[in-house]
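Values in this text are rule-based calculations from the coordinates and carry no lab data. Here the structure is a predicted model, which is why all the values come from computation and not from measurement. Positions of Cβ are backbone-derived with ideal geometry, glycine not excepted, and every protein chain shown enters the neighbour counts.
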């Protein structure tokens with residue numbers, strides 16, 4: 001069963017169409033397939049907000065004196081050097097960022113060492129990050145949701161690792177939340193998106209996630225974001 005079900009060239013054409021006003025080119029979405037899949041997932045997340053009634057605008061950084069579309073494909077780099085999205089709806093505002101460090105829920109400033117995780121996609125409060133360095137982490141209190149992106153098919157251990165990540169960042173999501181009384185707040189839940197399939201053991205673990213009513217989602221080639 002192939003891991004490589006993602007059509008990079010097709011995705012790049014879709015991304016060009018989405019960003020037609022941003023003077024982008026094919027290289028804007030990464031040369032490696034996993035980079036393009038990250039960019040594609042980022043835009044699918046933005047489209048999710050748009051489909052749920054949010055207005056979207058893109059904020060581009062100044063590079064060599066002019067504003068330029070620039071995605072972040074590395075854990076290194078100050079956030080202000082990269083493009084991000086502003087989402088507005090009914091007086092609420094949030095940001096969508098790419099490759100951003102976030103402190104874990106248990107971290108305290110008095111700790112001897114930093115405790116943060118660089119998330120592929122972050123949905124966060126509308127906080128000014130212009131003074132952030134490459135090592136500065138967003139306070140956990142400002143994290144709304146997040147997404148992990150993997151260009152591969154998923155096995156049980158990968159899904160379990162994602163659950164562990166949720167536990168470190170937003171442990172309240174791992175309670176029996178999605179009951180009959182559960183009401184979506186039109187903000188996307190934490191998710192992992194894989195380009196391939198879920199292997200049998202991953203499907204089994206995902207089934208237990210659904211039965212435990214965890215507020216997280218696993219997307220794949222069979223269940224696209």
- prompt: Computed FRET efficiency, Cβ-Cβ of residue 167 and residue 14, R0 41 Å: what is it to the nearest 0.05?
  reply: 0.75
statement: Rounded to one decimal in nm, the spacing of the 7 Å Cα→Cβ label points at residue 207 and residue 160 is 1.8
- prompt: Using a Gaussian network model of the chain with C-alpha springs under 10 Å, which one of 169, 187, 42 is most mobile by mean-square fluctuation?
  reply: 187
Bridge type composition, the chain - antiparallel percent by DSSP, nearest 5: 75
query: How much length, in nm to one decimal, is gained on full extension between residue 80 and residue 67, taken as 0.36 nm per residue of separation minus their Cα-Cα distance?
result: 3.5 nm
message: Can you bin every Cα-Cα distance in segment 1-115 into 5 Å intervals starting at zero and give me the percent of pairs per bin, rounded to whole numbers?
response: 2, 10, 17, 20, 18, 14, 9, 6, 3, 1
query: Which whole-number value in Å³ per residue fits the convex hull of the alpha carbons of segment 122-163?
result: 108
query: If you take the beta carbon distance between residue 221 and residue 131 as r and set R0 to 35 Å, what does 1/(1 + (r/R0)^6) give as a FRET efficiency, to the nearest 0.05?
result: 0.30
task: Note down, for segment 8-219, the three equivalent ellipsoid semi-axes (square root of 5 times each alpha carbon gyration tensor eigenvalue), biggest first, whole angstrom.
output: 27, 21, 18
- line: Length-normalised contact order of segment 8-219, Cα under 8 Å, at least 6 apart, in percent, tallies to 16
task: Calculate the spin-label point distance for residue 141 paired with residue 51, positioning each point 7 Å from the Cα along the beta-carbon direction, and give it in nanometres.
output: 3.4
- line: Ranked by GNM mean-square fluctuation in the chain (Cα springs under 10 Å), the top entry among 60, 52, 142 is 52
